Each structure stands twice: as C-alpha cells, then as structure tokens.
Amino acid sequence: MKEYSVRTQLTLCYLLVTSAALLLFGVLSFGALRFALIQAKKTHLQGREQRLIQFLENNQAKKNPLPLPEQLENYAVVTHEGNLFEIRNAEGSLLFPRTVDGANLISAGRSDCSQRTFFYQKLEHQPGLAMCHQVELLGRPAILFIGGALDQEFSILRMYRNALLLLTPGLLSLAAVSGYLLSRHALRSVGRMTKAAVNIGIGNLSARLPVPAARDEIQHLAISWNQLLGRLEDAVSRLSRFSADVSHDLRTSITVILAIAQLSLQRPRTAGEYRDDLNKIVGECRTASNLLDSLLSITRSENFSQEVAFQRIDVCELVVNGCRRVEELAESGGIILDWRIPEEAVYVEGDERLLQRLLGILLDNAIKYTPEEGEIAAEVSRTERGVVVTVRDTGVGMTEEVRRRIFERYYQGELRERETQAGNGLGLAIARWIAEAHHAELTVESVPAHSSVFRIEFPAAASQTI
C-alpha cells in the first residue's frame, strides 16, 4: 500500500470527515424537511375536514332546506375542492360526489376509518396524501375521505435535493483546500523543527529545536528531543574530554617507552642498566593497561551494559585476598599494610569481580598517596545498619574542596607526591558506581596531611553472618 505524507493524510482525513458530515447532514435535513412538509399537509387535510363539518353545521343552524348532496356541491364549488373529497355512508355507499372516476377514487380499498387515517394515493394522476375519518354529518354517521396533491411539496424537496447536489462539489473542494491549509499550519512547527534538526551535527550539539508556544503533542516532542540532545551533548562532551586525556596519557607512555628503548639500543649497557630500563618499560605498560581498564569500565558503567551477577560472598575472604594482591606493591614503597577481620565469616550479596575491583581501587589509592613508612589498614565490621568495609591510611589526606569532588569523573586533586604514580581521575568514580550497583554507600573522611578513611557500608538486607 502506498504511503502518503502526513500532510496528505491529514488532508484526506479532513476531506473524508467533511464528506461524511455533508452526507449525514443532507440525509437528515432532507428527511426532516420531508417530514415537516407531510405534517403540514396532514394539518391542512384536518383543517379542510373541520371547515366542511363547520359549513354543514352552519347550514343546519340556518335551517337550510337544501338536501345534503346539494349542500356539498355548493361547498365544492365555493372551495374548488369538489374532486378532492368523498363522503360515504356507514355501509360504504357513495353519498358525494354522485360519480367518481376510478383513477381518482380516494376510498379505494379503505374500510376501517374509525380513527383518522392518512395514506398515500394517486390523485389526478399525481402523488397525493389522503385521509379517511368516520364522522357525523347532520346527525348521521358517515365516512369522510379528503385528499390533497403533493406536487408542491415534492417540488420543494426536489429543489432542495438539487441544491444539495450542486453545493456538494463546491463544499468538498473547499474542505480539501481548508484541510490542506490546516494541515500545513499544524505541521509548520514540525517543519521548523526538521530544519533545525538538519543543521544539528556532532560539532554543534549545543543547538536546540524550537519549542512551539502551544501546549500540545508537538511541544512535548520538541521538549523531549531537546532533553535528548542535552544528554547527548553531555555524553559526547565527556567522551571527547576523556578521549583527549586517554590519547595524551597513551602518547606519553608510548613516547617514554620508545625513548627508553632507543637509548638502550644506541649504546652498550650493563645488565643492571638493561634491567632498570625494562622495569621502567614494564611500569609504563602497566600504566597504559590500567588506563585502558578504566576506559572499558567507565564505558560499560555509563551505558549500563555491564550486568551485576549477585551471589553470596565472604567479605572477610574478599578483604584478605585484596590486601595480599597489593602486599608487594605496598612493601616496595615502604608502607605497612595490615587487615583486621572478625573471627566469624561475614557474607553479603554482590558481584565478586566488581567488589574486588572496588577494594583494589581503594587500596591502590591508599598506597599511591601514603608516604614511605606510612600505614594502611583494611577492616571488616558489623553495625546495626549492616556490614562495613573500611580502608584507612596515613597518607597526604585531602582538603574539604577535594573531598567534595573526589568521586567526580575525571577529577584529579593536587594530591600526588610521586610523579610516576599519575592517575586519570576515573578510579573513585568507578568505585562509586560499583557501590551504587550493590546499593551500598561509599563515603570518605579525611584530615589534610594526616589521613583518609574510606568506608563501604552494605545494607543489612544484603548481608548476613554465619
């Protein structure tokens, strides 16, 4: 089936509705006019009946000596209705007129007229309306038949019908033009929105669609699209900034690796020097690897494509394994790492892989910003509100301003004491996302130049003790 434009569909729909309305109006108005004309004709026939009866009663009151047939003939001459009424006695014998042409016989086939009855019949070879009624004329029962031609009424109906037929094409044409203009006016806002949307590209996502003043569906559509453009602009902006940061950090790592390798190849070195160079290259590779891991994690978290597989996890075992994983890294920096867990096992419902990453981020940050001979402690405890995992350090701490923004994506406070441990501002943002995915609360307390305490508080509904 051929698809038409919205404007064409609206025009055709408007034309169809108008056609149906005109047809309904024509049929109903024609029927109403016909009913009114017939009712007027019936009233006219009843009036003639009353005038005839009144004529005879007046003659009787004046003691008119003429017999009834002659009185009726005089009435017919005066009113010019002699061929449009008949009078019969109770047995059905014709009293007036004396003779009737069979083609103009009003009473043909009519016997029961105790109640006033109307019927259609040919009168003088024309369609007409007749009435029969049993009455008393000069004290004697009689059946009165009165007829009236409907040629004038039918002529009026034909004129009205022809007028409707003549006006219909013009009205339909006017409806088509009006429908087109109305649809054009209704879709004018859509046209402006379309032109604005065509000019919006990846380079100018700040542009917005015009919002119509009328509070209708089109206004809601424009508002929804502008909200979508706002979210898209925000996502593209953050992705662009992050891509620039990633490109810079990766280029820096590759440049350092290339420079070290080129210098090593340019002149002979001792085995110890080669080992030092290789350690530097390994360090840069780890930095790049961690950056790529952060990129993958942040992409998944923002697109909600990473599913959280909940299962029963021993929090004490999770903390012990996490600390042992970074134990050598802490020892190489001259930092004391310890953990404190309760004697009984403590369980929560969560994703073990994500919780390992969350704990690893907190421990890695603590090692990164804790000076030599500092201390780091990981603890597991239970409170009335649930299970709490705490990571404490005696590092550089942070100011109130940094503490408020520490969980923002890409934010990096001036906390570094070692240039070789540069971050990318994503770790704690990912940690916050993992905590929220487990309906847990991640908070931080810090004293500048003294210590920092990170707490992960799991709700009581997600934890249990065995």
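Would you confirm, using the coordinates I've provided, whether Leu337 is buried (at least 18 other Cβ atoms within 10 Å of the Cβ) and part of a strand (DSSP E or B)?
In short, yes.
Does the range 296-308 include one or more residues that are within 49 Å of the chain's Cα centre (by Cα) and at pLDDT 70 or above?
Checked the range 296-308: at least one residue is within 49 Å of the chain's Cα centre (by Cα) and at pLDDT 70 or above.
Yes or no, residue by residue, for (1) in contact with a helix residue (DSSP H, G or I) (Cβ under 9 Å, 6 or more places away or on another chain); (2) over 30 Å from Leu84 (Cβ atoms); (3) modelled with pLDDT under 95:
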| position | (1), (2), (3) |
| --- | --- |
| Leu10 | yes, yes, yes |
| Leu22 | yes, yes, yes |
| Phe25 | yes, yes, yes |
| Ala36 | no, no, no |
| Gln46 | no, no, yes |
| Gln50 | no, no, yes |
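Has the range 195-209 got at least one residue that is of a type in the set (A, V, I, L, M, F, W, C), assigned to a helix (DSSP H, G or I) and closer than 30 Å to Gln126 by Cβ?
So far as the range 195-209 goes, no, none of its residues is of a type in the set (A, V, I, L, M, F, W, C), assigned to a helix (DSSP H, G or I) and closer than 30 Å to Gln126 by Cβ.
I'm checking my understanding of the structure. Among residues of the range 13-37 that are over 15 Å from Tyr160 (Cα atoms) and surrounded by 15 or more Cβ atoms within 10 Å (Cβ to Cβ), which one is farthest from the chain's Cα centre (by Cα)?
By that ranking, first place goes to Ser19.
Looking at the structure I just gave you, is Ile260 modelled with pLDDT of 75 or more and either closer than 30 Å to Cys285 by Cβ or not β-branched (Val, Ile, Thr) (or both)?
no
Give the residue, chosen from Leu181, Leu229, Leu171, Leu167, that is touching a Lys or Arg at 6+ places or on another chain (Cβ under 9 Å), part of a helix (DSSP H, G or I) and at pLDDT 80 or above.
Going through Leu181, Leu229, Leu171, Leu167 in turn, just one is touching a Lys or Arg at 6+ places or on another chain (Cβ under 9 Å), part of a helix (DSSP H, G or I) and at pLDDT 80 or above: Leu229.
Quick one: Thr79 ticks every box in (1) out of contact with any helix residue (DSSP H, G or I) (no Cβ under 8 Å at 6 or more places or on another chain); (2) closer than 27 Å to His133 by Cα; (3) among the hydroxyl-bearing types (Ser, Thr, Tyr) except a single one, so which number is it?
(1)
Please state which one of Lys41, Lys62 is modelled with pLDDT of 80 or more, more than 30 Å from Ser178 (Cβ to Cβ) and surrounded by 14 or more Cβ atoms within 10 Å (Cβ to Cβ).
So the residue among Lys41, Lys62 that is modelled with pLDDT of 80 or more, more than 30 Å from Ser178 (Cβ to Cβ) and surrounded by 14 or more Cβ atoms within 10 Å (Cβ to Cβ) is Lys41.
Give the residue, chosen from Leu52, Leu72, Leu22, that is of a type in the set (A, V, I, L, M, F, W, C), touching a Ser or Thr at 6+ places or on another chain (Cβ under 8 Å) and in a helix (DSSP H, G or I).
Step by step, each of Leu52, Leu72, Leu22 is checked, and only Leu22 is of a type in the set (A, V, I, L, M, F, W, C), touching a Ser or Thr at 6+ places or on another chain (Cβ under 8 Å) and in a helix (DSSP H, G or I).
Between a first residue in the range 29-52 that is in the same structural domain as His133 (by TED's automatic domain parsing) and a second residue that is acidic (Asp, Glu) and assigned to a helix (DSSP H, G or I), which pairs have beta carbons less than 6 Å apart while being 6 or more apart in sequence or on different chains?
Leu37/Glu153
Looking at the structure I just gave you, is Ala90 in the same structural domain as Lys122 (by TED's automatic domain parsing), modelled with pLDDT of 80 or more, loosely packed, with under 13 Cβ neighbours inside 10 Å and among the aliphatic types (A, V, I, L, M)?
No, not satisfied.
Among the candidates Glu384, Glu344, Glu372, Glu328, which residue alone is touching a Gly at 6+ places or on another chain (Cβ under 8 Å), surrounded by fewer than 17 Cβ atoms within 10 Å (Cβ to Cβ) and not hydrophobic (A, V, I, L, M, F, W, C)?
Going through Glu384, Glu344, Glu372, Glu328 in turn, the sole match is Glu372.
Residues being modelled with pLDDT under 90 and not in a loop (DSSP other than H, G, I, E, B): count how many of those fall in the range 367-381.
2
The values are calculated or read from the model by the stated rules, or taken from the named source; none is laboratory data. Since we're looking at a predicted model, the values are computed, not measured. When we count neighbours, we look across all protein chains shown, and the Cβ atoms used for this are built from the backbone with ideal geometry, even at glycine.
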